[in-house]
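Following: one structure in structure tokens, then a few remarks.
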Amino acid sequence: MTRTFRRLGAAVAMLALWQLVSAVVLPRLAPAAATLMPPPLGVVVAFVDLLRTGDIVVHILASLKRVVVAFAVAAVTGVALGVAIGWWRRFGDLVDPLVEFVRPIPPLAWIPLAIIWFGIGDTQNMFIIFLGAFFPIVVNTIEGVRSVDRPLIWGALTLGGTWAQVLREIILPGALPLILTGLRIGLGVGWMALVAAELVAASSGLGFLIEDSRNLLFTERVLLGMVLIGALGLGMDRLMRLLERRVTPWVVSWR
Amino acid sequence: MALARLRALLLPLGFVVVWQLVGELAPGLAQTVPSPSRVLAAGWRVLASGDLLAHIGASLVRVLGGFAMAALVAIPLGIGIALWEWVDDIADPVVELLRPIPPIAWIPLGILWFGIGDAQNMFIIFLGAFFPILLNTIAGVRRVDRTLVWGALTLGGRRVQIIREIVLPGALPLILTGLRIGLGVGWMALVAAELVAARSGLGFMIQSARYAFLTDRVILGMAVIGLLGLAMDRAMRGVQHRLAPWAAAR
């Protein structure tokens, strides 16, 4: 208990020191630097301002919509492809090299090409998120399907189970923990990719907000956007962890 | 074995052939989907002019600089957090506050602080590489067998000796994993930073080629970025095998 207080104290002291330096010390010593490092309370004021005008809600919703749609597409296609590659050896031997051929290219490196293909806006952003989320999902699904205990499959087949039954009753539940991990990692990479895509090619969303505010030297808004990006990313990660614990409670996690 | 290898090449090769055929049969698409032969030709041009090597050099210098700084700060800090409670109490809340913010989201602020160029790019790489290294170092040190430490203490080992002889070797496998992941994230962060705020480097090359509508050069740059990232990952795996062969998984 005292330890929790000490930790909280350290965090609060840090914020207080930042507030003091940014609001009191810097404006006197170096006014230019003060613009570049606004105090935490300034960020709160910016938040209230943007909340009042409603701008912040628009940006958050724009980002969330892109992430959710692209992630859903990546989840459906990624799990389907992963199951197919992990399940049919012949198919896997053919398709796996193609996946490994494209996978080393980071999703962010696709941004300029995606702008040529799709222009600026939702489609381009969603394409980049899709690429970011797709590969972790595929790779983990393959791993999950291949990790399923073979004797269980043979047993089910011996007892007269059809392939469809084996797939539904044994392979999918067996692969589920790793599929969920892939989905969680994919969502994280997708969120990071979204921010990059919006930085370069969007006219709404949190990535656009911080880049636009940078151009206008609204440093408070830049920091506010960063905090919101971090908080939303953390929230999504926690949600996925909760889902993991709910759906696959038999997997003992580290924490 | 040879047959399996041939079969593995089948689909990537088929993909390239179809891509080339599309380019031959639909010349109208040449601007948006340049064929592999055009990409190779563009590769030859930038290689011959020396531009490509200059961009690769710029990117590598930044990555190695930012990565080295991240390793130098994160490994000692991670050891400190894992070994001493008071370091943990001070540093951990700050780390947990900053960690959820993706390195990419620091780019605009990085531009304000450092302007356009090397310092900003390295700052973003530093942030990308820092947290994976730190977290893996903490986990690695915490995983070291306590009884070994107690034994060494009982036998009269000094604190420095214990850190050097027991904690570091014990934590090494996870530290190396952290370095490998950190290098990967740093490389990705570099590309993003160079897209927005650089006048050289591979990220800058593909973005400026995009402005000039040189799509073949964009695709070439993407391929080079992917290959270099892959090569760095392989190199780190090699280091892992060399330094911690007892823990190298797969």
For A:A196: the one exception among (1) buried (at least 24 other Cβ atoms within 10 Å of the Cβ); (2) at pLDDT below 90: (2)
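Does B:A42 meet the test of being without any contact (Cβ under 8 Å) to a residue 12 or more places away in the chain, surrounded by 11 or more Cβ atoms within 10 Å (Cβ to Cβ) and either part of a helix (DSSP H, G or I) or more than 13 Å from every other protein chain (Cβ to nearest Cβ) (or both)?
Values: without any contact (Cβ under 8 Å) to a residue 12 or more places away in the chain: no; surrounded by 11 or more Cβ atoms within 10 Å (Cβ to Cβ): yes; either part of a helix (DSSP H, G or I) or more than 13 Å from every other protein chain (Cβ to nearest Cβ) (or both): yes.
In short, no.
With the condition being under 25 Å from A:L187 (Cβ atoms), I'd like the helices (runs of 4 or more DSSP H) fully within the stretch A:7-79 carrying at least 1 qualifying residues.
On the way: elements: A:26-29, A:31-36, A:40-53.
Fully inside the stretch A:7-79 and qualifying: A:40-53.
Tell me yes or no: at least one residue of the stretch A:140-148 is part of a helix (DSSP H, G or I) and within 12 Å of chain B (Cβ to nearest Cβ).
Looking only at the stretch A:140-148, we keep the residues that are part of a helix (DSSP H, G or I), and these are A:140-146.
With the extra rule that they be within 12 Å of chain B (Cβ to nearest Cβ), the set shrinks to A:143.
Scanning the stretch A:140-148, I find at least one residue that is part of a helix (DSSP H, G or I) and within 12 Å of chain B (Cβ to nearest Cβ), so the answer is yes.
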Residue count, the stretch B:104-130 (criterion: assigned to a helix (DSSP H, G or I), in contact (Cβ under 8 Å) with a residue 40 or more places away in the chain and more than 8 Å from chain A (Cβ to nearest Cβ)): 13
Residues of the stretch A:196-254 satisfying the condition of being within 11 Å of chain B (Cβ to nearest Cβ), charged (D, E, K, R) and without any contact (Cβ under 8 Å) to a residue 24 or more places away in the chain: A:E211, A:D212, A:R214, A:R238
So B:S59, is it free of Cβ contacts under 8 Å to residues at least 40 places away in the same chain and hydroxyl-bearing (S, T, Y): no
Within the stretch B:147-250, helices (runs of 4 or more DSSP H) holding 1 or more residues that are farther than 20 Å from B:N121 by Cβ and within 14 Å of the chain's Cα centre (by Cα): B:168-196, B:215-243
Tally, over the stretch B:17-39, of residues that are within 11 Å of another protein chain (Cβ to nearest Cβ) and surrounded by 15 or more Cβ atoms within 10 Å (Cβ to Cβ): 2
Number of the condition not met by B:A129 [criteria: (1) small (G, A, S); (2) closer than 29 Å to B:L190 by Cα; (3) surrounded by fewer than 19 Cβ atoms within 10 Å (Cβ to Cβ)]: (3)
Given (1) surrounded by fewer than 18 Cβ atoms within 10 Å (Cβ to Cβ); (2) farther than 26 Å from A:F218 by Cα; (3) within 13 Å of another protein chain (Cβ to nearest Cβ), number of the condition A:L17 does not satisfy: (2)
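So, of the residues in the stretch B:79-103 that are outside any helix (DSSP H, G or I) and within 7 Å of another protein chain (Cβ to nearest Cβ), which turns out to be nearest to A:G225 (Cα to Cα)?
We begin by selecting, within the stretch B:79-103, every residue outside any helix (DSSP H, G or I); these are B:84, B:99-102.
From what is left, the residues that are within 7 Å of another protein chain (Cβ to nearest Cβ) are B:100-102.
Values: B:P100: 13, B:I101: 10, B:P102: 12 Å.
Filtering first and then ranking leaves B:I101.
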Any pair with Cβ under 9 angstrom, 6 or more apart, that starts in the stretch B:191-212 at a residue that is farther than 11 Å from B:R62 by Cβ and facing another protein chain (nearest Cβ under 9 Å) and ends at one that is in a helix (DSSP H, G or I) and among the aromatic types (F, W, Y): B:L195/B:F204
Residue satisfying all of: in the stretch A:61-87; buried (at least 18 other Cβ atoms within 10 Å of the Cβ), hydrophobic (A, V, I, L, M, F, W, C) and more than 14 Å from the chain's Cα centre (by Cα); farthest from the other protein chains (Cβ to nearest Cβ) among these: A:V79
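Can you tell me which residue among A:V166, A:V145 is surrounded by 19 or more Cβ atoms within 10 Å (Cβ to Cβ) and under 24 Å from the mean Cα position of the chain (by Cα)?
None of the other options fit; the residue is A:V145.
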Residue satisfying condition, being more than 14 Å from chain A (Cβ to nearest Cβ) and closer than 19 Å to B:A74 by Cα, within set B:I175, B:I181, B:I162: B:I175
Single residue of the stretch A:88-133 satisfying the filter (facing chain B (nearest Cβ under 10 Å) and outside any helix (DSSP H, G or I)) that is nearest to B:A192 (Cα to Cα): A:P106
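So which of B:L52, B:L6, B:L60 ends up being out of contact with any His (no Cβ under 6 Å at 6 or more places or on another chain), at negative phi, among the hydrophobic types (A, V, I, L, M, F, W, C) and at pLDDT below 85? Write out each step before concluding.
Values: B:L52 fails: at pLDDT below 85; B:L60 fails: at pLDDT below 85.
None of the other options fit; the residue is B:L6.
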Filter result for the condition that a residue is within 25 Å of A:L199 (Cα to Cα), basic (K, R) and surrounded by 12 or more Cβ atoms within 10 Å (Cβ to Cβ), over A:R241, A:R221: A:R221
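The values are calculated or read from the model by the stated rules, or taken from the named source; none is laboratory data. None of the values given here were measured: they were computed from a predicted structure. Every residue, glycine among them, receives a Cβ derived from its backbone with ideal geometry; neighbour counts consider all protein chains shown.
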